[in-house]
Amino acid sequence: MVPVGAAQTTRALPYRNSQLPVAERVTDLLARMTREEKFWQLFMVPGDLDDPGRDYSQGIFGLQISTAPAGGTRDARAHAERINAIQRYFAERTRHGIPIIPFDEALHGLAREGATMFPQAIGLAATWDTALMGRVADAAARETRTRGIRQVLSPVVNLASDVRWGRVEETYGEDPHLASMMARAFVSRFEAAGIITTPKHFVANVGEGGRDSYPITWSPRHLEEYFFPPFKAALAAGARSVMTAYNSVDGTPATQNRWLLGETLKRDWRFGGFVVSDAAATGGATVLHMTEADTRSAAGHALGAGLDVIFQSAHEQYLPYWEAFRRGDIAGPVIDSAVSRVLKPKFQLGLFESSLVDPDTAAYWNGHASHRHLAGEAARAGMVLLRNQRNRLPLVRSIRSLAVIGTDAVEARLGGYSGPGIRKVSIFEAIRDRLGADRVRYAPGPGRLAPDFLTVPAEFLSVDGTTGVRAEYFANPRLEGTPVMVRQDRAIDFAWTITAPGPRVPLDWYSVRWTGTITGPAKGARRIGLEGNDGYRLWLDDRLVVDGWSKQSHRARLAEVNLQPGKSYRLRVEFFEPFGNGRIRLVWDHGTPDWKAEVDGAVRLARTSEVTVVVAGIEEGEFRDRARLSLPGKQEELIRAVAATGTPVVVVLVGGSAVTMSSWLELIDAVVFAWYPGEEGGNAVADVLFGEHNPSGRLPITFPISEGQLPLVYNHKPTGRGDDYVDLTGQPLFPLGFGLSYTTFEYSDLRIEPLVSNGPGPVTVSCRIRNTGSRPGHEVVQLYLKDILASVARPVMELKGF
């Protein structure tokens, strides 16, 4: 370790002189650094100083610091104090006193305890209001900066090119122009607050089938027209960092793609900031893309291609990356260029002069009342009214009985990359506050999942008197020979999609045998079986009850049994995987909810109510893409059953992407898409339902009628024939930009000046808008263009202003 006060002797050195140009300070400090010190400036991890096994004496790029310090306090003040303590360590206990860049996630508010949670990014995009987006970014940046966090791994400027993608919620939608404008508003405010923004994931993070991090092979023209613009807008707004994607681009992993990073980003766009990998992505070339023999080689090629900073999920993962530096795999000028790009913003941010913050200021601004008010305003502005038959909405306040149905009515979900929120207001709570507890009743319904079977918990499995099962892993799919690994697994519930089951087990060529005993639960179990892919079989007391011993797709097979409460049965499960992406789960029907009873309860409540509000939601997220866009679980059965009562039904949808509605849309009166509306979301939904706010949100994505139409975006290029199917139209259920209002608007006096343009120059498009209804309201004016005669095929229409 470096002695206390070792950094004191550096105070007179040129790099310490704040009056010198940043470039001179960088050059001076760089010349004083060892290769190991340079390496650590290019390595970032989540972490703290509380693990004695981690040596930070050589410095580090930065840390993602938890809000749960040793005392257990979870608030903004404690977070700021902890970050201050860590910055003091690096200033006082390392040779050069190089401060770190504390970093975190701030997609829609800082994702930490005590921070205000605003609507999810897709909900902010649905406002189509860049000024409002800027105010939200201002507030989120204030809460972030006052804690001492100086970089956010946000925003996500990837386009939602396929709504099956689980991360659509994190984006600003499918349109390059809308996403660019929102990115500019976000980035400019954070960077003005002295926080480095990191637009991600360069360049696209969704591929065929709407699958996360799937390979892409799009042409440079397609990338330039569609995916590059939001990144260019973010960089033009001042973003000083960019994060690479996990996937490969034209066969080369994005993290080591020279054309993307070195040529396009750094040479052609003249980006002067630093490029960071996504978490653990640098080694992905080895274990996922299979283009590198080892992690050391992958690190060398990534840095050589234009990556600057290696982001890993744990400090102890540094060794193979350091080996690439230590053994000279990376040229000295490449290392120096990357370190210079990191040191530059550390000087620009003034971290060498003052890296500390006032914890009282953090406590004051985090969760400030004005921020909470703004969260509610943003939530209201993003609400999209999709259907309103017979003007069912807004509801009258004189209503005597209102049924609120659905678990999303009470959960107040915030979406991915969120903190817990400070005091979340649920939809049910807000409606009850409006009408009074005596007029509002609640039923959960079957929920979003309502599974037909559940994983057998570990406590029902045993081997030699201990919890779990004996597991034998073979390096072939035939259970032949001696196992290469024997261990005790607590339960049989595995998804080996990225890594193999163990270090000596091939990733895509193995089999497993589990043995032990299973004990019947208190109320018994009537069905037991296996869910997974490829080959599996199950024995109880040496009787084969499930036989699926052939390579097949993912499916579940359950057998009729009668497991008696407290009785033990000999258990054997066998599984083989000859291709990879192995999934296997031991399941039974014990503990599954009686969803029919829950639907019946909701129906009884609806029959005795004047109006029913069904709040339904979807399941999605990172690495949680959706093959089906219908509402999950038994929620559609719930809506149809409630609608059959004859009671008017309003559906409020919670989620971050499109939902298909064919089986129930025509049965109900109104639909409001609330997105993940933030911690004030319940109040915002109630404001819309009761007419205290006239909805003005517009869709930032296209809603298809069916998954078979996907991918479906509004700005596709002309087809060589037709758009329709033999059994369905090619048109969407709801197009991008769609949204209803409680009032009506009339457009007139369209003017284009000049009407004919023979060269470059501005063209002004204007019109008059009049509210022709009986309520005040907001309108989102949208300008779409198309090229009548082009040298190459152009989109059928493109958003160019709003």
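The values are calculated or read from the model by the stated rules, or taken from the named source; none is laboratory data. Nothing here was measured: the structure is a model prediction, and the numbers come from that model. Here Cβ is always computed from backbone atoms with ideal geometry, including for glycine, and neighbour counts include all displayed protein chains. Remember, those area values only see protein heavy atoms, side chains included, never the ligands or the DNA or RNA. Shrake-Rupley method; radii C 1.70, N 1.55, O 1.52, S 1.80 Å.
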(request) May I ask you to rank 290, 133 by accessible area, largest first, using a 1.4 Å probe over the protein chains only? (result) 290, 133
(request) Could you state how much accessible area residue 480 has, in square angstrom rounded to the nearest 10, with a 1.4 Å probe and all protein chains kept in place? (result) 100 Å²
(request) Provide the per-residue ³J(HN,Hα) series for the range 368-379, in order, calculated from phi with Karplus coefficients 6.51, -1.76, 1.60 and θ = phi - 60°, each as a whole number of Hz, with x at glycine and proline positions. (result) 4, 4, 5, 6, 5, 4, 5, 4, x, 4, 5, 4
(request) Compute the length gained on full extension between residue 294 and residue 192: take 0.36 nm times their separation in residues and subtract their Cα-Cα distance, giving the result in nm to one decimal. (result) 32.7 nm
(request) Enumerate the amide H contacts of residue 738 below 5 Å, restricted to partners 5 or more residues apart or on another chain; note that Pro and chain-start residues carry no placed amide H. (result) 699
(request) Taking the Cα centre of the range 337-491 as origin, sum charge times position over the Cβ atoms of Lys and Arg (+1) and Asp and Glu (-1), and report the length of that vector in debye to the nearest 20. (result) 1000 debye
(request) For each pair in 232/346; 266/800; 200/786; 596/634; 38/346, compute the distance between the two Cα atoms and list the pairs where it is over 20 Å. (result) 232/346; 266/800; 200/786
(request) Work out from phi, with θ = phi - 60° and the Karplus expression 6.51 cos²θ - 1.76 cosθ + 1.60, the ³J(HN,Hα) of each residue of the range 155-160, listed in order in whole Hz, and give x for Gly and Pro. (result) x, 8, 10, 5, 8, 7
(request) Positive end of the charge dipole of the range 533-635 (Lys, Arg +1 and Asp, Glu -1 on Cβ, about the Cα centre): tell me which of 584, 605, 631 has its Cα farthest that way. (result) 584
(message) Not counting ligands, DNA or RNA, and with a 1.4 Å probe, what is residue 727's accessible surface area in Å² rounded to the nearest 10?
(response) 130 Å²
(request) State the answer as a single residue: which of 656, 743, 730 lies farthest towards the positive end of the charge dipole of the chain, with beta carbon charges of +1 for Lys and Arg and -1 for Asp and Glu, about the Cα centre. (result) 743
(message) On a 1.4 Å probe surface of the protein chains, which of 315, 554 comes out largest in accessible area, and what is the full order?
(response) 554, 315
(request) Return the sequence-ordered ³J(HN,Hα) values of the range 201-211 in whole Hz as given by the Karplus equation 6.51 cos²θ - 1.76 cosθ + 1.60 applied to θ = phi - 60°, using x for Gly and Pro. (result) 10, 6, 10, 8, 10, 9, x, 4, x, x, 9
(message) Ranking request for peptides 173-180, 154-161: highest mean number of other beta-carbon atoms within 10 Å first, then the rest in descending order.
(response) 154-161, 173-180
(request) Treat every Asp and Glu Cβ in the chain as -1 and every Lys and Arg Cβ as +1, leave all other atoms uncharged, and give the resulting dipole magnitude about the Cα centre to the nearest 20 debye. (result) 680 debye
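Please get the size of the charge dipole for the range 174-280, origin at its Cα centre, with Cβ charges of +1 on Lys and Arg and -1 on Asp and Glu, quoted in debye to the nearest 20. Write down the numbers at each step before the final one.
Numbers: 11 positive and 11 negative charges, 89 e Å.
Dipole about the Cα centre, nearest 20: 420 debye.
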(message) Students often get this wrong, so try it: which of (i) 42, 39, 28; (ii) 56, 28, 21; (iii) 40, 33, 30 is semi-axes √(5λ) of the Cα gyration tensor in Å as calculated from the structure shown?
(response) (i)
(request) Quick one: accessible surface of residue 56, probe radius 1.4 Å, all protein chains present, in square angstrom to the nearest 10. (result) 10 Å²
(message) Order 479, 356 by their accessible area, 1.4 angstrom probe, all chains in place, largest first.
(response) 356, 479
(request) Please name which of 475, 247, 342 has its Cα lying farthest along the dipole of the chain towards the positive end, using unit charges on Cβ (Lys, Arg +1; Asp, Glu -1) and the Cα centre as origin. (result) 342
